[in-house]
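All remarks here apply to the structure that follows.
The values are calculated or read from the model by the stated rules, or taken from the named source; none is laboratory data. In this text, all values refer to a predicted model and were calculated from it rather than measured experimentally. FYI the Cβ positions are ideal-geometry reconstructions off the backbone, even for glycines, and counts take in every protein chain you see.
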Amino acid sequence: MQGEFAYAQYNGDIVMHYIDQQLHPDIAVREAIIAGNFDENFKISPPNFIEASFDKALTDYQNKWAKLPQDKLERGRILRLGARGKRIAKINKRLGLVDDVFNANLANRIRDYRQVHDLPSGNHIDDELIDSLNRGAAYYINKIRLNRHRAAELPSNLGEKFILVDVASQQLYMYEGRNLVNQMRVIVGTADNPTPMLAGYMRYSVLNPYWNIPTDLTRDRYARRVIDGGKTYFMANRFEALSGWEEDAKILSYSEVDWEAVESGKQKLRLRQRPGLGNGMGDIKFMFPNKYGVYLHDTHNETPFKLDDRAISAGCVRLEKPWLLADWLHGKRIESDNSKPEQIVNVEQKIPVYISYFTTIPKNLNSPNDGFSMRKDIYGRDVRLRKSLESPFS
Amino acid sequence: MNYKLGLITMLAAPILAMNPAQAQEQTGQELIGRTVDVQFANGARNSVAFGSSGQARITAADGTLSNANWFVRSNQLCMQMGAMSECWGYNQRFEAGRALTMASTCNETSQWIARSVNPTPAIAPPAVEQGERG
């Protein structure tokens, strides 16, 4: 049935999942109302400030770039100020200018274009610029609208303080109202283990955490490593096998576990890693309990934060500066004076965390005319979202 | 919907008697991504596919396709097509295969049968994954 397909998409990884229903903006109703202008008897929540920023930036973009001739240009050698000829005349025309010389006007126009489209800065003409111009304004407008839809999945009031994790840019942003007060690099899930889009309230932090490994990861990744590495590997990695997920679960010795059965899936095993050096959660984890097992946490392996592409986790979000987040969440430094595992510190304020995925977003949400950040669609979600929005039943 | 029907501005009462437990606020959640067959009193038949962002696609018996918008408010299921709109009393969840007789605001009655529905969402607390994915 046609509808089944649409529902599969609706429930897929292209939409926001609400851990706390209070954060749901009721988008379906709101969009229908907007489309139909049904304003009587309705109290429609205003757009959140990210949506508003998208709207302003889109209007500016349309006025500045969409009205220009959208002629296709040929790629070629790099051209700089002072160049002249037919190719320059075509590029001038494409950018709304008339000349066959690469003069200061064209240089300024190119500089603007590069900034708005998140291309490397400069005023030269190269194939990257030509490719972008050839994609045309319609391409970018569609991309902006698609990402505006993602902003509309967030509630009208984002919160006095909130955390925005943008999986596409692999960054975490800490906001107080509309003000960005801090940001950091994060590591997100691989394309095979994508970090889902989630909205929920941050509940508590855990010092000296265990890493409780989900049973599918134990089966698919760690059982084989334990079989190959034996007890030495098991002990060196500070693993503990447990009889179950209950509070009073019994710790099993290495030899009490049938590791082949665990790997084959015949036995579901609770495996955890003791706190301390090398723990998968580092020294602190930030919890907003959810059915995806996705959280924010520290790591003892800081090297990957230097990479541009940091989509390497099993779905969780690893933080470059976890203590910066902890200080901000709790309003003070939370410390442990002992080595007791799993020390819970509640978050007193109601602080939402939004994990979203913006492949395009205004560079400065408070100054939407500064152009857009363009990110790689690491999970291929744009195509699926566009298809779902344009043709929900096909 | 049979869009040859007149436009409606007033809420009509649903035909089915409701017990108090059923008389709860409807959201349309069960219809998202699902198709409902509608039979009108004059014999006309349509099927309506409900999209996830308020879009609806209506297929007439002769295969003609129309696009519309849909939304739910105050226990009315409303369809809007261009400048026209029409609402039906909607006081209970749809169930797959079960006919609901619904009255629209121009006192037209029609029978609605959902081919399938979405399950009732878990409200709280949400299921929690055992473990952290890392």
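A few comments on the model shown:
- Any chance A:GLY276 is outside any helix (DSSP H, G or I), closer than 19 Å to A:ILE163 by Cβ and small (Gly, Ala, Ser): no
- Looking across region A:114-141, the residues that are buried (at least 16 other Cβ atoms within 10 Å of the Cβ), assigned to a helix (DSSP H, G or I) and within 25 Å of the chain's Cα centre (by Cα) come down to A:ARG114, A:VAL116, A:SER132, A:ALA137, A:TYR140.
- Some residue of region B:19-27 being at pLDDT 90 or above, on the phi < 0 side of the Ramachandran plot and of a type in the set (A, V, I, L, M): no
- Checking each residue in region A:242-261 for being within 14 Å of another protein chain (Cβ to nearest Cβ) and either more than 16 Å from A:LYS231 (Cα to Cα) or touching a residue at least 40 places away in the same chain (Cβ under 8 Å) (or both) picks out A:SER243, A:GLY244, A:TRP245, A:GLU246, A:GLU247, A:ALA249.
- Failed criterion for A:GLU74 (all others in (1) modelled with pLDDT under 95; (2) under 30 Å from A:VAL383 (Cβ atoms) hold): (1)
- Residue selected from region A:322-376 under the condition assigned to a strand (DSSP E or B) and among the hydroxyl-bearing types (Ser, Thr, Tyr), by the criterion surrounded by the most Cβ atoms within 10 Å (Cβ to Cβ): A:TYR354
Conditions (1) under 18 Å from A:MET287 (Cα atoms); (2) within 14 Å of chain B (Cβ to nearest Cβ); (3) crowded, with 17+ Cβ neighbours inside 10 Å, marked per residue:
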position	(1), (2), (3)
A:ARG145	no, yes, no
A:ALA152	no, yes, yes
A:LEU158	no, no, yes
A:ALA168	no, no, yes
A:LEU180	no, no, no
A:ASP192	no, yes, no
A:LEU198	yes, yes, yes
A:TRP211	yes, yes, yes
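- Condition check for A:ALA191: outside any strand (DSSP E or B) and at pLDDT 95 or above: no
- Checking each residue in region A:144-193 for being more than 30 Å from A:THR303 (Cα to Cα), in contact with a Leu (Cβ under 7 Å, 6 or more places away or on another chain) and of a type in the set (A, V, I, L, M) picks out A:ILE144, A:LEU146.
- Counting only residues that are more than 10 Å from A:GLN170 (Cβ to Cβ) and assigned to a helix (DSSP H, G or I), region A:305-321 holds 1 of them.
- Yes/no for B:LEU77 being surrounded by 21 or more Cβ atoms within 10 Å (Cβ to Cβ) and out of contact with any helix residue (DSSP H, G or I) (no Cβ under 7 Å at 6 or more places or on another chain): yes
- For region A:234-255, a residue qualifies if it is among the charged types (D, E, K, R) and closer than 20 Å to A:ASP216 by Cα, and the qualifying residues are A:ARG238, A:GLU240, A:GLU246.
- Of all residues in region B:110-119, those being more than 9 Å from chain A (Cβ to nearest Cβ) and at pLDDT below 90 number 2.
- Test: residue in region B:59-76 that is more than 9 Å from chain A (Cβ to nearest Cβ), polar (S, T, N, Q) and not in a strand (DSSP E or B): yes
- Extreme residue, nearest to B:ASN107 (Cα to Cα), among residues of region B:36-51 that are at pLDDT below 90 and at the interface with another protein chain (Cβ under 10 Å from one of its Cβ atoms): B:PHE50
- The residue list B:ALA122, B:ALA127 contains one member that is closer than 30 Å to A:TYR201 by Cα, modelled with pLDDT under 85 and more than 7 Å from every other protein chain (Cβ to nearest Cβ), which is B:ALA122.
- A:THR303 being more than 7 Å from every other protein chain (Cβ to nearest Cβ), out of contact with any helix residue (DSSP H, G or I) (no Cβ under 6 Å at 6 or more places or on another chain), of a type in the set (Val, Ile, Thr) and free of Cβ contacts under 8 Å to residues at least 40 places away in the same chain: yes
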